[in-house]
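Before any comments, here is the structure.
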Amino acid sequence: MAVISKLNNLVDLAREKSSERRRTLLREVTDLFFEEPPERDSAMSNKFDEVLSSLAAQTAQEAREELAERFADSPLAPSGLVLQLAQDAIEVAAPILSRSSVLSEDDLVSIAEQAGQQQLRAISQRPEVSERVSDTIVRHGDDDTVASLIENDGARLSRETFEAVTERAETSTRLQAPLVDRADTPNDLLADLMVTVGNHLRDRIMERFDGVDPAALEQAMAASRARIASRLAEDKAIVEAEKFVRAMAVRKKLDGSLLARLLREREFVKFNVAFAELASVDYPTAKRAIEQECIDPLALICKSAGFDKALFVTLAVLRGAADSEAFRDAKELGQLYDRITPNDAERAMRFWRMRRDVAA
């Protein structure tokens, strides 16, 4: 009863208009709470919740920041106050969103559905993030926010969420390293990234694959190939391109000159089929190698296939806008090609050809 009496006296004082006095009162009520924290959902806890929420709403942001820091790590913090602070300015909300165990999964999902990137990032850094919350963050978060989530070992991701992040990583270098480094990223999704990432990340993927059972790795490659192929919308065009390429092969015209001509004429589907045939890779691998920004996969495939440097440089230049700036890069492209050893190329190609062979 002494606590209730003291709390009521403080509430009476709260009628004063001075903002500084209100801040002092907020501290005193908070101190009173932590002297003997009441049980969750008790009458005493509800009274503290009412008083603290009211005082917090009437004090300056700096005071609310201090309040949030004090309650962020308390499992007995009043739930109404915590939810109020979690939806405040990010300077107030961050410690609550990133640390408070009082926020339920439903609370976090509801906040994440409406939150900005800073709030989502704070939630992504919690010691534990459920699959539902992770899914919401991935759907609404930008690449920096999603990377923050993937880098958090305490975040759990569903299979569907992993797939969504991996697909985004095909065009986002910010997401690639966190996915490659995450211990529970599925092997077939790592296989998806092999034709997307730069050489240093590809090496890390292959190091992980070295410890995988060969049968399991073959299954992962098959799953990767099937999933990527299913996303290709050019099925009819591919069939026509395959007929064209077979005809060129019969006429002994399936060569580097044909590749350069097809690429120059922007006949991408025919080029991808012809390139895949000449380089002994599957169509999705050929398509991704020529389309993505990173030049490393194209260089590795060309080197392994025995293409001369001039052909590689031509393909590398023609895949984009063949303007004067692109042609000025030719020397640098040639130097990059010279640095790739046959062993480097063959090591990468071992996995890409496995993807091709499992579909045969």
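The values are calculated or read from the model by the stated rules, or taken from the named source; none is laboratory data. Everything numeric here is computed off the predicted structure, so don't read it as measured data. Neighbour counts are summed over all protein chains in view; Cβ atoms, including those assigned to glycine, are modelled from backbone coordinates with ideal geometry. Protein only, heavy atoms only, side chains kept; ligands, DNA and RNA dropped before computing areas. Shrake-Rupley method; radii C 1.70, N 1.55, O 1.52, S 1.80 Å.
Between the amide H of Ala155 and those of Val129, distances stay under 5 Å, these residues lying 5 or more places away or on another chain, with hydrogens modeled in the peptide plane.
Rounded to the nearest 0.05, what FRET efficiency do Ser158 and Arg261 have when you use their Cβ-Cβ distance and R0 = 41 Å? Please report the intermediate quantities before stating the final value.
Working: r = 46 Å, r/R0 = 1.11.
Step by step, r from the Cβ atoms, then E = 0.35.
Accessible area per residue was computed with a 1.4 Å probe on protein heavy atoms; Glu218 scores about 100 Å².
Between rounded, prolate and oblate, where does the stretch 124-233 land on the alpha carbon gyration tensor, with a ≥ b ≥ c its root eigenvalues, rounded for a/c under 1.5, else prolate if a/b exceeds b/c? Show your work: numbers first, answer last.
Values: a/c = 1.64, a/b = 1.48, b/c = 1.11.
Cα axes put the stretch 124-233 in the prolate bin.
The slack between Ser101 and Asp143, meaning 0.36 nm per residue of separation minus the straight C-alpha distance, is 12.5 nm.
In square nanometres and to one decimal, what's the mean projected area of the convex hull around the Cα atoms of the chain? List each step's numbers first, then the result.
Values: hull surface 95.8 nm².
Its average projected convex-hull area is 24.0 nm².
How many Å³ per residue does the convex hull of the Cα positions in the stretch 50-134 occupy? Walk me through the numbers on the way to the answer.
Numbers: hull volume 6.9 nm³, N = 85.
Value for the stretch 50-134: 81 Å³ per residue.
Under 1.5 on a/c is rounded, so check that first for the stretch 69-115, then, if it is not, pick prolate when a/b is larger than b/c and oblate when it is not; a ≥ b ≥ c are the square roots of the alpha carbon gyration tensor eigenvalues. Oblate.
Between Thr24 and Asp308, the contour length at 0.36 nm per residue exceeds the alpha carbon distance by 94.5 nm. Helix-only arithmetic for the chain: the sum of -39500 (n - 2.57) across DSSP H runs with n ≥ 4, divided by the residue total, places the mean residue ellipticity at 222 nm at -22000 deg cm²/dmol. Using the Cβ-Cβ distance between Ile90 and Glu207 with R0 = 45 Å, the FRET efficiency computed as 1/(1 + (r/R0)^6) comes to roughly 0.70.
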